[in-house]
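Notes follow the structure.
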Amino acid sequence: MGQHTVNIERIYNVSASRLPVLLGLLICVFVMCKNAEAGDKLSGSEIMDRVALTRKLDGSESLITLTNISENGKKRVRKMALASKLYDGGKTEKLVYKFISPEDVKGTGILTFDYEDKSDDVWIYFPALRKTRRILGAQQSKSFMGSEFTYVDLNIPKLENYAYKILKEEVVDGELCYAVENKPKDEKIARDEGYAKKIVWVAKSDFTVRKVVYFDLKGDELKQMNIKEIKLLDPQKNRYRPMYMKMKNLKNGRSSILKTLKIEFNPDVKDTYFRTGFLERP
């Protein structure tokens with residue numbers, strides 16, 4: 001652990017003789033064509049299931065900036081350390097955020113248990129109050145630390161909560177993508193998350209998300225997220241993380257950017273990070 005370049009504690013205080021060859025090439029081409037054909041026949045739910053899988057990294061530690069930009073272009077930058085780790089055979093992802101700067105947010109901590117099959121648990125610690133409080137499910141559609149992101153936006157969605165529909169294929173930043181509509185199955189899910197639906201653009205090459213458009217409960221376009229700088233962190237399992245995410249509010253003109261400055265793939269992240277007591281450590 002001490003050898004990693006990114007550490008949340010340290011931050012905080014990549015002819016006949018040729019016949020077998022020709023046959024091998026033909027087989028490879030055949031397999032590639034069959035895979036492409038199978039990919040084209042995926043359903044919306046199968047596509048989103050693959051999206052969720054590509055995000056499930058065994059463990060990581062990173063340094064991130066959160067930049068909030070007002071409608072007038074004024075910027076406010078916050079820096080934080082983030083650690084994540086999978087539990088329960090990959091069914092639960094635990095994440096802890098510790099804010100480093102500026103002084104008005106330094107020491108603030110957020111702990112999230114992102115469950116695959118039930119509502120997430122989220123706790124937040126404010127140093128000024130010296131108290132950790134739990135954020136209830138309905139509150140998770142609120143702003144993440146004053147940004148245009150919500151807690152819901154940052155976690156893997158519960159796949160069974162949505163009905164899916166492939167709308168079209170479209171190129172986004174040079175990548176051919178599926179545009180998949182994600183619509184909550186009932187009104188309670190929509191209210192809790194704050195969206196009537198989402199349209200998610202998924203790259204066919206690696207099943208990572210490249211763009212999302214969010215619709216408010218009235219059905220109007222509310223926000224748009226653009227994702228760039230996708231990084232392959234676990235080649236053996238094809239696990240990726242975006243290094244740049246920009247969320248723009250189409251109603252008020254404000255935007256927020258999450259940019260990863262450093263990231264380390266580390267399946268052996270300390271379990272002690274993912275406890276409420278760690279949030280309260282100075």
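Exposure proxy shown here: for VAL96, VAL213, the number of other Cβ atoms within 10 Å sets the order, fewest to most, as VAL213, VAL96.
Size of the dipole of segment 175-248 about the Cα centre, Lys and Arg at +1 and Asp and Glu at -1 on the beta carbon, nothing else charged, in debye to 20?
So the magnitude is around 200 debye.
Residue by residue, segment 245-252 carries 3J(HN,Hα) couplings of 9, 10, 10, 10, 7, 7, 8, 9 Hz when phi is fed to the Karplus relation 6.51 cos²θ - 1.76 cosθ + 1.60 (θ = phi - 60°); x denotes Gly or Pro.
In this structure, the amide hydrogen of VAL180, modeled 1.01 Å from its nitrogen in the peptide plane, lies closer than 5 angstrom to those of LEU167, VAL200, TRP201, VAL202, counting only residues at least 5 positions away or on a different chain. Shape annotation for segment 41-127: C-alpha extents along the principal axes are 48, 31, 22 Å, from largest to smallest.
Shown for ASP173, ASP121: other C-beta atoms within 10 Å of each C-beta, ranked fewest to most, produce the order ASP173, ASP121. Segment 117-205 has equivalent-ellipsoid semi-axes of 30, 16, 10 Å, by the square roots of 5 times the alpha carbon gyration tensor eigenvalues, sorted largest first.
Here the alpha carbons of segment 162-282 define both size measures, Rg and Dmax, at 17.2, 50 Å.
As an equivalent ellipsoid, the chain spans semi-axes of 35, 25, 18 angstrom, where each value is the square root of five times an eigenvalue of the C-alpha gyration tensor, largest first.
In whole Å, what is the distance between the alpha-carbon centres of segment 203-282 and segment 152-179? Between the Cα centres of segment 203-282 and segment 152-179 lies a distance of 14 Å. Helices in the chain, meaning DSSP H runs of at least 4 residues, each add -39500 (n - 2.57). Divided by all residues, the mean residue ellipticity at 222 nm is -5500 deg cm²/dmol. Across segment 200-211, coupling constants 3J(HN,Hα) worked out from phi with the 6.51/-1.76/1.60 Karplus curve, θ = phi - 60°, read 10, 8, 10, 5, 5, 6, 9, 6, 9, 7, 10, 7 Hz, and Gly and Pro carry x.
Read the figures in this text as sums done on the coordinates, not as results from a lab. What you see is a predicted model; the values in this text were computed from it and never measured. Don't worry about glycine lacking a Cβ; one is built from the backbone with ideal geometry, like all the others, and counts go over all protein chains shown.
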